[in-house]
Amino acid sequence: KKLFKFGITSMLTGIIVTLSLLIFRSIIISFSSEGLFDAGLWEALYRLTTFYNLLLFSPIAIYFLPKFASELRFFERKNIIFKLAIIVSAISIFLFIFLDFFSVFIINLLFSNDFISIAIFLKYILLAESFRIIGSIFHLENIVKERFKTIVGIELFSFSSFIVIFYLCAGIYGYSLYIATLSYMVCTALFMIFNIISFYIFHSRDEGISNV
């Protein structure tokens, strides 16, 4: 039963993210004067965030989620989660500085000169993805405690905000990679904030119940 609920939750969050990205791409094509080309630039930028997430968060989830679920008490999980968040923050700061000097080289290495215009946004989009990774670290507690509605709700709210903010800004100011990146940064910041809030709210509630 638990595996079934987790499977449904994973499917729903996957659908939310996929639909959001498809809608996002359609908005780019609608508002941009170079629709498909600009959509391709955004997809290249987003692909780098996916790779960064897989490289950084996947090992964390694979190693710590089974430990959190079977062995550790809350205060131990909390200490590990805080340490992981600090490590990811430190990596993010390093990358932000590093990419000031090497973003053009990295884009040329991974893509081609046609994609050079995304180099200036690389450090910002990876910073945004760092917000998502930190949020996902706190989100592990929701998985351990089987708060599946909370997981789906946070994903839905953050990616809905992503679409709405981008649509409004693109409608008012016109499309740009700057607006696309900023919209994604707001989305991931909300994801991080709400996962941290849920981490504390549910723990306080659980403590209150256990003390009754």
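The values are calculated or read from the model by the stated rules, or taken from the named source; none is laboratory data. Everything quoted here is computed from the prediction, not taken from an experiment. Don't worry about glycine lacking a Cβ; one is built from the backbone with ideal geometry, like all the others, and counts go over all protein chains shown. All accessible areas refer to the heavy atoms of the entire protein, side chains included, with ligands and DNA or RNA removed. Shrake-Rupley method; radii C 1.70, N 1.55, O 1.52, S 1.80 Å.
Here are the numbers for the structure shown:
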item: In Å², nearest 10: area of TYR63 left accessible to a 1.4 Å probe; result: 130
item: Listed residues MET192, MET11 arranged by accessible area, highest first, probe 1.4 Å; result: MET11, MET192
item: Among ALA119, ALA90, ALA128: highest mean-square fluctuation, GNM of the chain, C-alpha pairs under 10 Å; result: ALA90
item: Charge tally in the Cβ shell below 15 Å around SER161, where Lys, Arg are +1 and Asp, Glu are -1, SER161 excluded; result: 0
item: Globularity ratio of the range 163-207, using Cα Rg and 2.2 N^0.38 Å; result: 1.63
item: Size descriptor, Kirkwood hydrodynamic radius, that averages inverse alpha-carbon separations across the range 120-212, Å; result: 14.3
item: Gained length - THR50 relative to MET11, 0.36 nm times residue gap less alpha-carbon distance; result: 12.3 nm
item: LEU65 paired with ASN79, simple spin-label distance in nm, labels 7 Å along Cα-to-beta-carbon; result: 2.5
item: Too-long pairs where the Cα-Cα distance tops 21 Å, listed order kept, from LYS5/LYS145; LYS5/LYS83; LYS83/LYS123; LYS5/LYS149; result: LYS5/LYS83; LYS83/LYS123
item: Principal-axis tilt of helix 74-110 within the chain, Cα atoms, nearest 10 degrees; result: 10
item: The range 83-166 - Kirkwood radius from inverse mean 1/r over Cα pairs (Å); result: 14.8
item: Debye log10 I(q)/I(0) at q = 0.30 Å⁻¹ for the range 117-164, Cα point scatterers; result: -1.07
item: Segment TYR167-TYR200, extension gain: residue separation times 0.36 nm, minus the distance between their alpha carbons; result: 8.7 nm
item: Inter-part distance where the range 5-70 and the range 113-181 are each reduced to a Cα centre, Å; result: 9
item: The chain: translational diffusion in µm²/s, Stokes-Einstein, Kirkwood Rh over Cα pairs, 37 °C, 0.692 mPa s; result: 179
